[in-house]
Each structure stands twice: as structure tokens, then as C-alpha cells.
Amino acid sequence: MNICTECVDLAASIVAEYRPGPAELRMPMWGELSDAEMLERLPRVVAVANQVEAERFSGEE
């Protein structure tokens with residue numbers, strides 16, 4: 001399947017017109033956190049990591 005350059009450009013302009021602005025980050029970047037704020041978030045990070053690992057290896061024996 002081939003799509004002409006004009007069609008690609010038109011599609012890109014339509015998407016750009018209706019695309020919302022950049023989304024705000026819900027959490028600050030790690031480098032912006034104080035040591036205390038980073039330590040406060042570590043239990044959640046560990047919980048998510050454990051969940052991912054459990055799901056990743058649940059199908060393996």
C-alpha cells in the first residue's frame with residue numbers, strides 16, 4: 001500500500017490541529033525530588049516492580 005506525500009501531510013496537519021497541548025507530568029522527575037521525597041516514594045516503586053515481576057514470571061515454570 002502506498003500513501004502519497006500530500007495525503008500524509010494532510011493527515012499530519014489534521015492531527016496537529018486537533019491534538020491537545022502537551023500533557024502535564026503527574027509526578028515530578030526524580031532529579032527534582034528531595035531525598036526525603038524520593039524515600040517516601042520508594043515503597044510504591046518496589047510494589048510496582050514486584051507486581052511486574054510476578055506477572056512476568058507467572059506463566060513460567
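On the accessible surface of the chain, probed at 1.4 Å, how many percent belong to carbon and sulfur atoms?
Details: 3570 of 6060 Å².
The value for the chain is 59 percent carbon and sulfur by accessible area.
Quick one: angle between helix 5-18 and the longest Cα principal axis of the chain, in degrees between 0 and 90, rounded to 10, please.
Taking Cα atoms only, the helix is inclined about 50 degrees.
What number, rounded to the nearest 500 deg cm²/dmol, is the helix-based mean residue ellipticity at 222 nm of the chain, given -39500 (n - 2.57) per DSSP H run of at least four residues and division by all its residues?
-20500 deg cm²/dmol
Using only the C-alpha atoms of the chain, find the volume of their convex hull and express it per residue in Å³. Walk me through the numbers on the way to the answer.
Values: hull volume 11.8 nm³, N = 61.
Enclosed volume per residue, from the Cα hull, is 193 Å³.
Please go through the chain and write out the trypsin sites (Lys or Arg not before Pro) that DSSP classes as loop and that have at most 13 other C-beta atoms within 10 Å. Mind dumping the intermediate values first?
Working: sites: R26, R41, R44, R56; in loops: R26.
Answer by residue number: R26.
The values are calculated or read from the model by the stated rules, or taken from the named source; none is laboratory data. Since we're looking at a predicted model, the values are computed, not measured. Please note: Cβ atoms are built from the backbone with ideal geometry, for glycine as well, and neighbour counts cover all protein chains shown. Note: areas computed on protein heavy atoms with side chains; ligands, DNA, RNA excluded. Shrake-Rupley method; radii C 1.70, N 1.55, O 1.52, S 1.80 Å.
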